[in-house]
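Just below is one structure, and these are the notes that go with it.
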Amino acid sequence: MRRFALLLSCLAVVAAGCSNESAPSPGAPAPAKPAAKMKVERDEHSYAEADKVAITDLALDLKLDFDAKTLSGTATYTLEWKDKAAKQLVLDTRDLSIDKVEGEDAAGQWQPLQYGLAKRDDILGSKFTIETPAQNAHVRVTYTTSPEASGLQWLDAAMTEGKKLPFMFSQSQQIHARSWVPLQDTPSVRYTYSAHVATRPDAMVLMSADNDPKAARDGDYSFKMPQKIPSYLMAIAAGDLVFEPLSQRSGVWAEPAMAKKAAKEFEDTEKMIETAEKLYGPYRWERYDILVLPPSFPYGGMENPRLTFATPTVIVGDKSLVSLVAHELAHSWSGNLVTFASAKDAWLNEGFTSYVENRIVEALYGKEQADMERVIARNELKAEFKTVAPNLQVLAEKPGDLKDPDNSSASTVYTKGAWFLQFLEERFGRADFDAFLRGYFDHFAFQSINSQQFADYAKANLLAKHPDKVSQADFDAWLYEPGIPPTAPQVLAARFGIVDSARLAWLGSGQLPPPAITGAWSTHEWVHFIEGLPATLKPEQLAQLDAAYRFTGTANGEIAQRWYPLAVRSGYAQANEAIAAFLERVGRRKLIVPTYEELVKTDAGLALARQVFAKAKPGYHPITTGTVQKLIDEAKPKAAPAAQPAAEPKPAT
Ligand code: BES
Ligand code: ZN
């Protein structure tokens with residue numbers, strides 16, 4: 001039983017605050033302001049009642065203990081009371097142990113406050129209700145995190161590149177900030193923050209704040225984030241980290257063995273910032289640095305303000321995967337500046353960002369590269385939409401449809417979202433659409449909004465200003481209907497035509513394309529080549545590809561992500577050793593889940609998945625562990641099928 005279980009008993013005095021629903025406490029007077037004036041919509045993934053009281057500033061004072069794998073200390077909130085009748089501050093927590101809660105009285109004295117921690121909900125965590133009858137301007141919570149905090153990963157020195165110091169990092173999106181700071185953990189609330197963090201003197205600590213490239217490594221660090229951010233952008237990392245400059249305002253933080261290589265791969269970062277600024281206005285966050293994490297980082301990247309967190313799996317030596325930096329940087333406008341008010345409007349962050357990412361890629365690396373990335377994403381969407389429930393194919397999701405905000409449909413929020421904006425761009429023309437988007441980022445800067453607010457703004461500033469370009473019905477179909485609207489513009493990637501011909505020729509004749517052709521292929525062409533192969537191949541065919549291209553054992557995660565599931569489906573056991581090594585080394589969910597999904601379909605595969613997972617688990621992040629564990633637990637394997645008939649190749653877009 002975890003420690004937090006001891007805290008579950010609610011104080012009788014706050015019984016009303018101990019239920020799991022977020023209805024107002026019985027007997028509470030009607031809200032002071034009429035509902036129409038209440039800007040803040042309740043977010044179903046948070047217990048916070050931000051329409052009554054909102055955090056405007058957070059001050060953290062934390063001890064970071066690598067041995068205990070905990071953060072402990074105080075969080076002090078500055079509060080804006082909006083409802084004069086409110087008597088409680090409700091915060092989100094998950095697996096936190098709360099030691100003390102105090103409120104500052106009118107005389108500046110800290111007085112204890114009563115509080116209760118409700119039973120833990122698997123998705124939402126524990127509602128934390130603090131009794132604040134005096135509507136204190138400042139409240140302070142003393143707490144300790146659990147070593148199993150869902151938003152933190154603690155790595156022993158042996159699991160790092162340099163093997164000298166332990167490492168830790170946070171991943172707060174979607175709703176994991178609450179596992180390391182008690183907060184109103186909803187993007188509808190924005191606040192400034194400061195932090196003081198103490199740890200062992202040889203470890204460097206960084207946050208999503210004003211990191212100083214020249215900071216002395218002494219175990220005592222202070223941070224300020226003067227711009228208002230939502231909780232999912234709270235971030236911290238600590239370990240053996242060194243800095244490599246990229247430009248005046250940007251650089252790379254990484255373990256010493258990785259820093260130079262990472263700086264080379266990300267050398268175009270300043271050009272990316274300038275490109276985005278030209279399109280959408282000044283970069284408003286001062287520095288833009290990139291932190292390269294260990295391979296267990298569960299995502300490709302995370303747009304923590306001023307300090308993007310990035311997986312090392314994109315460092316492949318030829319800059320072919322740096323669209324990840326374009327993406328996380330783009331969030332400095334779409335997401336960090338204009339933020340979705342709740343996860344059900346995730347496309348406002350990810351769809352806009354994927355669109356901007358593609359514009360940066362086009363400006364820096366050319367239209368062919370940008371088109372290839374669009375085709376890959378849209379092919380994935382078409383495949384994914386065969387199984388995604390219709391209500392999750394809708395951009396403006398309805399309340400209640402997205403149960404676990406970690407499991408939204410990426411194809412919907414990223415690809416359909418970006419496709420919608422590409423549709424608008426084509427219809428209105430670049431000049432007008434670029435001006436519109438720039439105006440949108442300015443208009444909603446440092447605010448959290450929902451899809452309706454975007455729709456209203458677009459109606460007034462795009463559709464009405466340029467009539468007869470897009471009908472309201474066509475616009476609404478993108479936002480509120482499942483599937484791909486009939487108005488979706490198509491794209492052809494010329495370079496994929498060559499790949500398609502080469503693949504077809506090989507499938508027909510067994511003749512592989514000559515090195516003169518494949519020698520110029522980048523990650524995207526190889527990804528497209530593999531994605532267009534039949535669902536299964538004969539082991540001899542896989543062996544022929546391996547002999548020519550060495551897919552098995554590839555250091556490129558994007559290729560591994562596609563090749564290993566094909567190998568598993570085809571019963572190509574020669575790849576098993578490399579598959580095990582890949583799944584043990586990398587913890588990025590997107591890269592490894594497709595292989596686990598194939599493995600668990602047969603008895604032999606499931607046995608391998610179990611064996612690999614047992615070895616890999618200590619190094620996986622809690623988010624990855626949760627996903628893989630679920631796949632294994634819910635597996636219904638069949639005996640491996642006999643030799644499979646070759647299927648038709650998938651058509652290219
Ligand atoms: N904000 C996301 C990561 C995220 C999304 C974390 C939802 C938790 C919940 C980040 O910007 C992102 O989109 N990362 C992608 C990068 C890719 C699209 C270049 C990823 O991790 O794959
Ligand atoms: Zn993103």
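Descriptive notes on the structure:
- Sequence-ordered 3J(HN,Hα) estimates for region 448-460 from the Karplus curve with 6.51, -1.76 and 1.60 and θ = phi - 60° stand at 10, 10, 10, 4, 5, 5, 5, 4, 5, 5, 5, 4, 6 Hz, glycine and proline given as x.
- For the chain: rounded, prolate or oblate by the Cα gyration tensor [a/c cutoff 1.5]: prolate
- Using a simple spin-label model with pseudo-atoms 7 Å out from Cα toward Cβ, S522 and D210 lie 3.8 nm apart.
- Residue pairs, from the table K278/K319; K538/K636; K119/K403, whose Cα atoms sit over 29 Å apart: none
- Distant-in-sequence amide H partners of I449 (H built 1.01 Å from N, under 5 Å): T339, F340, A341
- Only the Cβ atoms of Lys and Arg (+1) and of Asp and Glu (-1) were treated as charged; on that basis the dipole of region 338-379 about its Cα centre amounts to roughly 100 debye.
- If the chain linking D401 and R438 were pulled fully straight, counting 0.36 nm for each residue of separation and taking away their Cα-Cα distance, it would gain 10.2 nm.
- Residues with amide H under 5 Å from that of L307, placed H, sequence gap 5 or more: D289
- Charge dipole (the chain, unit charges on Cβ, about Cα centre) - positive-most of A635, T192, G219: A635
- Annotation: extensible slack from K386 through R550 equals 55.9 nm (criterion: 0.36 nm per residue apart, minus Cα-Cα distance).
- DSSP finds beta bridges in region 53-330, and of those with both partners inside it, around 80 percent are antiparallel.
- Under Karplus coefficients 6.51, -1.76 and 1.60, residue-wise ³J(HN,Hα) of region 575-586 in Hz, glycine/proline x: 8, 4, 5, 5, 4, 4, 4, 5, 5, 7, 7, 9
- Packing-based order for 159-167, 201-209, using average beta carbon neighbours within 10 Å, highest first: 201-209, 159-167
- Counting only residues at least eight positions apart within a chain, or on another chain, the aspartates and glutamates with an alpha carbon under 19 Å from that of K100 are D61, D92, E131.
- Region 82-125: trypsin sites (Lys or Arg not before Pro) in DSSP coil with no more than 14 other Cβ atoms inside 10 Å: K84, K119
- Note that region 196-205 has calculated 3J(HN,Hα) couplings of 10, 10, 10, 8, 4, x, 8, 9, 8, 10 Hz, one per residue in order, obtained from phi through the Karplus relation 6.51 cos²θ - 1.76 cosθ + 1.60 (θ = phi - 60°); glycine and proline are x.
- Loop GluC sites (Glu not before Pro), region 166-273, which have at most 16 other Cβ atoms in a 10 Å radius of their Cβ (DSSP): E267
- DSSP-defined beta bridges in the chain - what % are antiparallel, rounded to 5: 75 percent
- Gain on full stretching of the segment that runs from K260 to K164 - 0.36 nm per residue minus C-alpha separation: 32.7 nm
- Each listed q (0.10, 0.14 Å⁻¹) maps to a log10 I(q)/I(0) for region 339-480, found by the Debye formula over equal Cα scatterers with no solvent: -0.33, -0.66.
- Here the chain is treated with +1 on each Lys and Arg Cβ and -1 on each Asp and Glu Cβ, and its dipole about the Cα centre works out to around 500 debye.
- Proximal aspartates and glutamates relative to K228, as straight alpha-carbon distance under 17 Å, when same-chain residues fewer than 8 apart are discounted: D57, E80, D185, D210, E286, E303, D442
- Amide H to amide H distances under 5 Å link K100 with T142, where only residues 5 or more positions off or on other chains count and H is placed in the peptide plane.
- Based on alpha-carbon atoms, the Kirkwood radius and the radius of gyration of region 494-633 give Rg/Rh equal to 1.00.
- For region 272-401, the average shadow cast by the Cα convex hull is 8.9 nm², which is a quarter of the hull's surface.
- Cα gyration tensor category, rounded, prolate or oblate, for region 79-125 with a/c compared to 1.5: oblate
- Here region 98-235 exposes an accessible surface that is 52 percent carbon and sulfur, computed with a 1.4 Å probe and the other protein chains kept in place.
- For region 53-330, the Kirkwood estimate of hydrodynamic radius, built from reciprocal distances between every pair of different alpha carbons, is 19.5 Å.
- Once you reduce region 537-553 and region 577-627 to the center of their Cα atoms, the two points are 22 Å from each other.
- In summary, the aspartates and glutamates within cross-link reach of K469, defined as a Cα separation below 14 angstrom excluding same-chain residues under 8 places away, comprise E425, E426, D432.
- Our note on the geometry: Cα centres of region 464-508 and region 178-256, 40 Å apart.
- Average projection area in nm² (convex hull over Cα atoms of region 480-560, one quarter of hull surface): 7.4 nm²
The values are calculated or read from the model by the stated rules, or taken from the named source; none is laboratory data. A quick note: this is a predicted structure, and the numbers were derived from the prediction, not measured. Cβ: placed from backbone, ideal geometry, glycine included. Neighbour counts: every protein chain shown. Note: accessible area is taken over every heavy atom of the protein model, side chains too, but ligands, DNA and RNA are not part of it. Shrake-Rupley method; radii C 1.70, N 1.55, O 1.52, S 1.80 Å.
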